[in-house]
Amino acid sequence: MNLIESTDKCSCVDCTDKSCAVSVLSSKQMDLLNKNSKEVELRKGEIILHSGALNSHIVYLKTGYVKEYITGSNNKSRILQIVKHHSYLGLHSLFGDKVNHYSYSSLVDLKICYIDIDIFKRLVRESGDFAYELLKYLSKESLLLNYNFIRHGQKNTNGRFADMLIYLSEQIYESDSFDMHLSRQELSELVGISRENTARVLSQFVSDGIIDITDKKIKILKRDMIKKISKNG
């Protein structure tokens, strides 16, 4: 892993990017967290966590975007979701197993905090409010993942692609115009279609005036049409 640099981590108390869960900790617990976490900066394309690696840290994404993915026996990857700032990575595997079940890679230059897993578990046991906030986060994420997988399994290529655009604009970037941090190959891995079909649908949506692509920015021009394609797909 190539770090841009190790940063002088600000205090967890003063951090403007801390999670809702950390915000409910006492000053003593916050100090414990501060002493057992390290902030680093990573470049685009860096692997943050490997699938199959022993769990030693929980990773908190302070800034930027990350792809969560799995790789099959044929070495083909499937992107499960895009994770944005103020989120935890590896939380699914915290209590379920000793190894991490997903891989995470940075889509942009970003900041993360590595938190000692034993300290993190201790805070979960000590603070009901902290555990409650984490449970809310995990529940929301699981519902969204399950919903997306069920819908994808019932739709054609155009319907899946429309769902992906809605997901990115509403859940990730919160805008109808956003920089596309995913390559064409990564788009196909997120939608679950071939790269050729991804290129075809992109060209079709542009030709139909549904979206506009300038450099690496996508702008949704006809949201009502995308909603219709999603519904009928």
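Sort out which residues of the range 56-73 are under 23 Å from GLU174 (Cβ atoms) and not in a strand (DSSP E or B), and write them in order of number.
First, pick out the residues of the range 56-73 that are under 23 Å from GLU174 (Cβ atoms): 59-69.
Passing the criteria: only GLY64.
Could you count how many residues in the range 88-108 are surrounded by 19 or more Cβ atoms within 10 Å (Cβ to Cβ), at pLDDT 85 or above and not in a loop (DSSP other than H, G, I, E, B)?
Result for the range 88-108: 6.
Kindly check whether there is at least one residue in the range 195-203 that is of a type outside the set (Val, Ile, Thr), more than 21 Å from the chain's Cα centre (by Cα) and modelled with pLDDT of 95 or more. Spell out how you get there, then give the answer.
Step one: of the range 195-203, the residues of a type outside the set (Val, Ile, Thr) are 195-197, 199-200, 202-203.
Those still in the list that are more than 21 Å from the chain's Cα centre (by Cα) too: 195-197, 199-200, 202-203.
Filter once more, keeping what is modelled with pLDDT of 95 or more: none.
No, every residue in the range 195-203 fails to be of a type outside the set (Val, Ile, Thr), more than 21 Å from the chain's Cα centre (by Cα) and modelled with pLDDT of 95 or more.
Assess whether ASN197 counts as being assigned to a helix (DSSP H, G or I), closer than 25 Å to LYS227 by Cβ, in contact (Cβ under 8 Å) with a residue 12 or more places away in the chain and not aromatic (Phe, Trp, Tyr).
On the way: assigned to a helix (DSSP H, G or I): yes; closer than 25 Å to LYS227 by Cβ: yes; in contact (Cβ under 8 Å) with a residue 12 or more places away in the chain: yes; not aromatic (Phe, Trp, Tyr): yes.
Spelling it out, ASN197 is indeed assigned to a helix (DSSP H, G or I), closer than 25 Å to LYS227 by Cβ, in contact (Cβ under 8 Å) with a residue 12 or more places away in the chain and not aromatic (Phe, Trp, Tyr).
Collect the residues in the range 67-99 that are polar (S, T, N, Q) and in contact with a helix residue (DSSP H, G or I) (Cβ under 9 Å, 6 or more places away or on another chain), keeping them in residue-number order. Lay out the reasoning, then the answer.
If we filter the range 67-99 for residues that are polar (S, T, N, Q), which is where we start, we get 71, 73-75, 77, 81, 87, 93.
Once the filter is applied, which keeps residues that are polar (S, T, N, Q) and in contact with a helix residue (DSSP H, G or I) (Cβ under 9 Å, 6 or more places away or on another chain), the range 67-99 yields SER77, GLN81, SER87.
When you scan the range 124-140, do you find a residue that is farther than 19 Å from VAL22 by Cα and assigned to a loop (DSSP other than H, G, I, E, B), even just one?
Of all residues in the range 124-140, those farther than 19 Å from VAL22 by Cα come to none.
No.
Quick one: how many residues across the range 33-55 are closer than 21 Å to LEU107 by Cα and either assigned to a strand (DSSP E or B) or not assigned by TED's automatic domain parsing to the domain that holds LYS84 (or both)?
Residues in the range 33-55 being closer than 21 Å to LEU107 by Cα and either assigned to a strand (DSSP E or B) or not assigned by TED's automatic domain parsing to the domain that holds LYS84 (or both): 8 in total.
Just to be sure, is ASP118 without any contact (Cβ under 8 Å) to a residue 60 or more places away in the chain, under 22 Å from ARG223 (Cα atoms) and either surrounded by fewer than 17 Cβ atoms within 10 Å (Cβ to Cβ) or assigned by TED's automatic domain parsing to the domain that holds VAL59 (or both)?
Values: without any contact (Cβ under 8 Å) to a residue 60 or more places away in the chain: yes; under 22 Å from ARG223 (Cα atoms): no; either surrounded by fewer than 17 Cβ atoms within 10 Å (Cβ to Cβ) or assigned by TED's automatic domain parsing to the domain that holds VAL59 (or both): yes.
No; evaluated as a whole, the condition is false for this residue.
So which of LEU144, LEU190, LEU165, LEU123 ends up being surrounded by fewer than 17 Cβ atoms within 10 Å (Cβ to Cβ) and touching a residue at least 12 places away in the same chain (Cβ under 8 Å)?
Every option except LEU144 fails the conditions.
Within the range 206-220, track down each residue that is surrounded by 16 or more Cβ atoms within 10 Å (Cβ to Cβ) and more than 13 Å from ASP163 (Cα to Cα). Let's see the steps before the verdict.
Narrowing the range 206-220 to residues surrounded by 16 or more Cβ atoms within 10 Å (Cβ to Cβ): 210-211, 218, 220.
The answer is ILE210, ILE211, ILE218.
Determine, yes or no, whether LYS111 is more than 24 Å from VAL191 (Cα to Cα), touching a residue at least 40 places away in the same chain (Cβ under 8 Å) and either within 13 Å of the chain's Cα centre (by Cα) or surrounded by fewer than 18 Cβ atoms within 10 Å (Cβ to Cβ) (or both).
Considered against the rule, which asks whether it is more than 24 Å from VAL191 (Cα to Cα), touching a residue at least 40 places away in the same chain (Cβ under 8 Å) and either within 13 Å of the chain's Cα centre (by Cα) or surrounded by fewer than 18 Cβ atoms within 10 Å (Cβ to Cβ) (or both), LYS111 comes out as no.
Looking at the range 174-187, which of its residues are free of Cβ contacts under 8 Å to residues at least 24 places away in the same chain and either farther than 14 Å from SER77 by Cβ or in a loop (DSSP other than H, G, I, E, B) (or both)?
First pass over the range 174-187, keeping only residues free of Cβ contacts under 8 Å to residues at least 24 places away in the same chain: 174-175, 183-185, 187.
GLU174, SER175, SER183 - these are the residues of the range 174-187 that are free of Cβ contacts under 8 Å to residues at least 24 places away in the same chain and either farther than 14 Å from SER77 by Cβ or in a loop (DSSP other than H, G, I, E, B) (or both).
Is it the case that ARG160 is part of a helix (DSSP H, G or I) and exposed (fewer than 14 other Cβ atoms within 10 Å of the Cβ)? Steps first, answer last, please.
On the way: part of a helix (DSSP H, G or I): yes; exposed (fewer than 14 other Cβ atoms within 10 Å of the Cβ): no.
No.
The values are calculated or read from the model by the stated rules, or taken from the named source; none is laboratory data. Nothing here was measured: the structure is a model prediction, and the numbers come from that model. When we count neighbours, we look across all protein chains shown, and the Cβ atoms used for this are built from the backbone with ideal geometry, even at glycine.
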